[in-house]
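Visitor: Got a structure here, written out as structure tokens. Questions coming.
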Amino acid sequence: MMIYKIFRADEWAELQAKGETKGAPVDIADGYVHFSTADQARETASKWFACVDGLVLLACDVDAMSADITWEPSRGGALFPHLYRNLRLSDVVWDKPLPLAPKDAPDSHVFPKDMV
């Protein structure tokens, strides 16, 4: 199963340059890297990244990271995957741009069609 992380372009560039990261400012403040499932990612984008351009969607294999992932309740009691170590570039299975949707679209960002 894939889990997803949304990064701003500079956060993604830092991960690529350093090979690992503690995450975005909210991750650092909370002490873990926030991830979403495929079903949760759109709401995460709408809630935390509305109207933000230049985002990158990272996909990671939760099974490969399972020893360091904890599923914890968040929005509405839904369980979200949280990574309790630095995110490593080697954890990333793929990365894709997460562009803003056209103004008449119901979602704020256009997600990849092959997101599972």
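The values are calculated or read from the model by the stated rules, or taken from the named source; none is laboratory data. It should be emphasised that the depicted structure is a prediction, and the values quoted were computed from it without experimental measurement. A quick note on method: Cβ atoms are made from the backbone with ideal geometry, for glycine too, and the neighbour counts reach across all protein chains shown.
Visitor: Output the number of residues of region 77-96 satisfying the condition of being modelled with pLDDT under 95 and assigned to a loop (DSSP other than H, G, I, E, B).
Guide: 1
Visitor: Going through region 97-112 one residue at a time, which ones are hydrophobic (A, V, I, L, M, F, W, C), touching a Ser or Thr at 6+ places or on another chain (Cβ under 7 Å) and in a loop (DSSP other than H, G, I, E, B)?
Guide: Selection gives Ala101 alone.
Visitor: How many residues, within region 41-54, are buried (at least 19 other Cβ atoms within 10 Å of the Cβ) and not β-branched (Val, Ile, Thr)?
Guide: Final tally of qualifying residues: 2.
Visitor: Looking only at region 38-52, decide whether some residue is part of a strand (DSSP E or B), under 15 Å from Lys5 (Cβ atoms) and not aliphatic (A, V, I, L, M).
Guide: no
Visitor: From the set of residues in region 97-112 that are at pLDDT 90 or above, farther than 10 Å from Val52 by Cα and of a type in the set (A, V, I, L, M, F, W, C), which is surrounded by the fewest Cβ atoms within 10 Å (Cβ to Cβ)?
Guide: For region 97-112, the residue satisfying everything is Val110.
Visitor: Would you check if Leu57 is at pLDDT 95 or above, under 18 Å from Lys96 (Cβ atoms) and not in a helix (DSSP H, G or I)?
Guide: Spelling it out, Leu57 is indeed at pLDDT 95 or above, under 18 Å from Lys96 (Cβ atoms) and not in a helix (DSSP H, G or I).
Visitor: Please enumerate the residues belonging to region 4-13 that are out of contact with any Ser or Thr (no Cβ under 6 Å at 6 or more places or on another chain) and either acidic (Asp, Glu) or surrounded by 20 or more Cβ atoms within 10 Å (Cβ to Cβ) (or both).
Guide: Across region 4-13, the qualifying residues are Lys5, Ile6, Phe7, Asp10, Glu11, Trp12.
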